Structure formats: structure tokens, C-alpha cells
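The values are calculated or read from the model by the stated rules, or taken from the named source; none is laboratory data. Just so it is clear, the model here is predicted, and its values are computed rather than measured. Here Cβ is always computed from backbone atoms with ideal geometry, including for glycine, and neighbour counts include all displayed protein chains. The accessibility values were calculated without ligands, DNA or RNA, using every heavy atom of the protein model including side chains. Shrake-Rupley method; radii C 1.70, N 1.55, O 1.52, S 1.80 Å.
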Amino acid sequence: MVSHRRLAVADSAAPLTDDGFNPHARAVHIGTLTLENGAALPDVVMTYECWGELNDDASNAVLVEHALTGDSHVVGPVGPGQPTAGWWPGLIGPGAPLDTDELFVVAINVLGGCRGSTGPMSLAPDGRVWGGRFPHVSVRDQARAEARVADALGIARFHTVIGGSFGGMRAAEWVATFPHRVQRALVVASCAAAGADQIAWGHTQVRAIEADPDFRGGGYLEQGVFPTSGLGLARQIAHTSYRSAHELQERFGRESQGADRTLDGGLFAVESYLEHHAAKLVARFDAMSYVRLTQAMATHDVGRGRGGIEPALRVFGGELVVAAVDSDRLFPVSASADIVRAHGRGRLRLIHSPHGHDGFLIEADQIAALVREVIARPLTAEAGRVRPVA
């Protein structure tokens with residue numbers, strides 16, 4: 001049996017919180033990674049969490065990809081080094097949709113993130129924090145880094161790759177970059193290439209962070225400050241795009257916050273809601289990581305250098321299921337339909353939700369049903385093969 005236990009918890013990563021490193025996380029050093037833009041990122045460490053046991057031929061491995069401000073802690077409680085509970089509760093475990101009696105599930109913290117994998121908070125070769133010097137990385141770079149983690153774990157091919165939003169981008173990139181290493185894929189509330197609308201939403205968030213005087217070109221950690229206002233504003237912009245206009249109206253309308261008088265400058269309830277989510281993110285996430293990950297999302301395009309999206313996806317001979325949230329205004333249904341159309345054999349599913357993009361996190365029962373469907377789907381004779389493109 002291939003053992004994942006031989007990979008030790010990273011001792012080279014910066015502490016993630018005042019409580020230290022998440023003791024359930026593990027790490028692997030993957031060496032120097034040459035990025036799409038030609039830059040070399042040395043001494044890369046990737047952190048991950050895993051559940052279940054890898055079987056003898058490593059054929060039961062499932063990769064779960066997290067979203068922009070998520071991490072590898074897919075399920076589980078808050079604890080030392082882990083300030084947030086799992087973001088897809090109930091998805092992994094004995095008898096769960098990803099049944100750990102049968103499957104080995106791994107979730108990898110994204111390259112450029114701030115939960116232990118190499119990113120702006122990590123030390124550069126000169127012994128200083130990378131900060132704003134951290135290079136631009138692409139979704140393709142991130143998938144390639146994850147593939148090295150799979151190599152270290154002895155996983156030649158994933159049974160299934162699953163991801164939503166930014167995680168869906170990486171799942172789509174896995175399908176295009178490593179079609180022979182994926183048997184099934186579930187791409188949720190995402191796209192094959194970022195469109196102008198997604199790029200525009202992200203651009204305003206990046207500019208909000210960079211405009212904070214405490215950003216200091218990304219060098220704030222060395223100077224003992226933090227761009228709290230900028231990151232908070234970026235989160236408010238993002239969260240507006242994550243929810244539907246209908247939900248915000250139904251939930252908050254024009255109500256004031258508590259006893260506040262809006263005519264005297266008091267907050268509307270929806271404004272207070274946005275500020276609450278801003279404060280939560282500022283307390284747990286790094287601003288420079290937010291910038292680099294948002295920029296990675298903007299450059300996402302599985303068709304780059306491959307003749308377009310269609311030839312990039314048609315090489316995948318496995319099973320592809322794409323799910324869209326019907327009220328999503330950030331990644332509309334049309335973006336998911338484009339993936340299915342480009343692949344030529346994929347299946348489109350709808351998640352019904354009033355919550356907008358965040359429906360992929362909120363509608364747990366529908367997500368569970370989708371995951372069970374994908375896991376149980378019989379593979380075609382072509383599954384895992386690289387298909388020629390006419």
C-alpha cells in the first residue's frame with residue numbers, strides 16, 4: 001500500500017495563526033517550479049489534508065479543489081492553526097458522498113495561498129518574506145504544482161477531481177493539462193476561461209487592496225502593518241458578486257441596521273452585512289495572497305496555447321459533469337454550458353438556489369447528490385485516454 005503518512009507536517013512554513021500550524025495538515029517539498037511566465041519559483045512547499053486510505057494500486061484517490069479564500073480543510077471543526085470550519089461540511093467521511101470507507105480524498109492548499117503552501121507569506125531564498133515580490137502564478141501553474149503532490153503520494157491517476165468556483169478552474173485545468181490522469185471530473189460554478197465580467201470584478205478588488213496606504217507594494221508584513229481597509233473593501237466587492245440581487249433584496253431590502261438612522265449616516269442592514277464579512281476575512285487571510293490568487297483567476301484560460309477551449313477540452317476522454325447555479329451572476333449558467341459544449345460529451349446540471357454564486361457552498365444536499373452521481377457513474381471505455389482532436 002502506498003502510504004501518505006510518510007510525508008511530515010511542514011516545519012518550514014510560517015505559522016498560520018497565533019495557535020500555530022494545523023496539525024492535520026501535511027506538506028511535501030516539490031522543488032523548483034518553472035512558471036508559465038518563465039519565472040522560476042524555488043523550494044516550493046505544498047500543504048494538504050487527506051482522509052481515508054489509499055488502496056494498493058492508488059486507484060481510489062479523489063482531489064477536492066478549494067475556492068478563492070478556502071483552504072485544504074474541506075471538512076472538520078475549527079482548531080489549532082485552523083480558524084475556520086470545513087467549507088463543504090458533510091462531503092467527506094464514512095458513508096458520506098465522498099465515502100472514506102472506499103475513497104482516499106486529498107485537498108491541496110493552492111500555490112500562492114496563505115494556508116501553508118508557498119505564497120507571499122513564505123520566505124524567499126534571501127530569507128525575507130516574499131510579499132509583493134512573489135511572482136504571478138497561473139491556474140495552470142497551480143495545477144502543475146498539485147500534480148507534483150500527486151506524484152509524491154504515488155497517485156498516477158485520480159478517480160475524480162472536484163472543484164467549485166476558483167477550484168472549478170483548477171479542476172478544468174486538470175482535465176486539459178493532465179487528461180490521462182483524471183477519470184472523472186466535476187466542475188461547479190466555474191468556467192473554462194475567465195470572461196471580461198469576472199476579470200472586471202477581480203480588478204476592482206485588487207485595486208482596492210493596492211490603494212490602501214498600508215499595502216506598501218505588498219511589503220506590509222516586514223513593515224509591521226496590514227492593509228485592513230483595502231482587503232476588507234475587496235471582500236465587500238467580492239461578496240456582492242457572490243450573492244444574487246434577489247436574495248439581497250429579499251433578505252435586507254432597505255432596512256437599517258438595528259436602531260441606526262440612515263438619514264443620519266447610519267448603516268443599512270445590507271451594508272452591515274458586507275462589513276461583517278469583510279472583518280471575518282481580514283482576520284484570517286493574507287492580502288497579497290488575495291491579490292495573486294485573484295490575478296491568477298483573471299488569466300485562467302484552458303485554451304491558452306492549445307488552439308482554444310474546444311481542442312483543449314476534447315482531449316479528455318473521461319467523464320465530465322459541469323454544474324451551474326441558476327442564480328449565479330458571477331459565473332452564469334452560460335459559462336458552464338460553454339464547458340460542456342467545448343468538451344462535446346460533458347453533462348450539464350443545474351443547482352437551484354436563490355443565493356447566487358455562493359449556492360455552490362450553501363446547497364449542501366444538491367452538491368451531495370451531484371457528487372454521489374459523479375462518483376457512481378460508470379466509466380466509458382475511453383475514460384482516462386487522451387483523445388485526438390480533429
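Observations on the structure shown:
- When S336 is tested against (1) among the small types (G, A, S); (2) closer than 28 Å to D71 by Cβ; (3) surrounded by fewer than 18 Cβ atoms within 10 Å (Cβ to Cβ); (4) within 24 Å of the chain's Cα centre (by Cα), only condition (3) is not met.
- For the range 256-291, a tally of residues being under 29 Å from V139 (Cβ atoms) and either open to solvent by less than 20 Å² (accessible area, probe 1.4 Å) or touching a Phe, Trp or Tyr at 6+ places or on another chain (Cβ under 6 Å) (or both) returns 9.
- Single condition H246 does not satisfy, out of (1) outside any helix (DSSP H, G or I); (2) touching a residue at least 60 places away in the same chain (Cβ under 8 Å); (3) of a type outside the set (D, E): (1)
- Flag if G253 is within 26 Å of R181 (Cβ to Cβ), open to solvent by less than 60 Å² (accessible area, probe 1.4 Å) and in a loop (DSSP other than H, G, I, E, B): no
- Leading residue by the ranking (least open to solvent (accessible area, probe 1.4 Å)) among those in the range 74-93 that are of a type in the set (A, V, I, L, M) and within 14 Å of H24 (Cβ to Cβ): V74
- Enumeration of residues in the range 353-383 that are over 28 Å from D197 (Cβ atoms), open to solvent by 50 Å² or more (accessible area, probe 1.4 Å) and in a loop (DSSP other than H, G, I, E, B): P378, L379, T380, A381, E382
- Sole residue being modelled with pLDDT of 95 or more, open to solvent by 40 Å² or more (accessible area, probe 1.4 Å) and touching a Lys or Arg at 6+ places or on another chain (Cβ under 7 Å), chosen from E53, E102, E65, E36: E36
Table: residues versus (1) farther than 16 Å from S190 by Cα; (2) modelled with pLDDT of 95 or more; (3) in contact with a strand residue (DSSP E or B) (Cβ under 7 Å, 6 or more places away or on another chain).
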{"position": "A323", "(1), (2), (3)": "no, yes, yes"}
{"position": "S336", "(1), (2), (3)": "no, yes, yes"}
{"position": "H343", "(1), (2), (3)": "no, yes, yes"}
{"position": "G346", "(1), (2), (3)": "no, no, yes"}
{"position": "D358", "(1), (2), (3)": "no, yes, no"}
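- Looking only at residues of the range 307-326 that are touching a helix residue (DSSP H, G or I) at 6+ places or on another chain (Cβ under 6 Å) and assigned to a helix (DSSP H, G or I), we find that the one that is surrounded by the most Cβ atoms within 10 Å (Cβ to Cβ) is L313.
- Single unsatisfied condition, A107 versus (1) within 13 Å of the chain's Cα centre (by Cα); (2) touching a residue at least 60 places away in the same chain (Cβ under 8 Å): (2)
- For the range 154-212, the tally of residues that are farther than 22 Å from A337 by Cα and without any contact (Cβ under 8 Å) to a residue 12 or more places away in the chain stands at 1.
- Residue within the range 264-274 that is touching a strand residue (DSSP E or B) at 6+ places or on another chain (Cβ under 8 Å) and of a type in the set (F, W, Y) present: yes
- Checked across the range 74-84, the condition of being of a type in the set (S, T, Y) and within 20 Å of V161 (Cβ to Cβ) holds for no residue.
- Put simply, of R345, R349, R304, R284 the only residue that is of a type in the set (K, R), touching a helix residue (DSSP H, G or I) at 6+ places or on another chain (Cβ under 8 Å) and part of a loop (DSSP other than H, G, I, E, B) is R304.
- Each residue in the range 343-352 was checked for being touching a residue at least 60 places away in the same chain (Cβ under 8 Å) and open to solvent by 10 Å² or more (accessible area, probe 1.4 Å), and 0 of them qualify.
- Residue in the range 269-277 that is charged (D, E, K, R) and within 21 Å of the chain's Cα centre (by Cα) present: no
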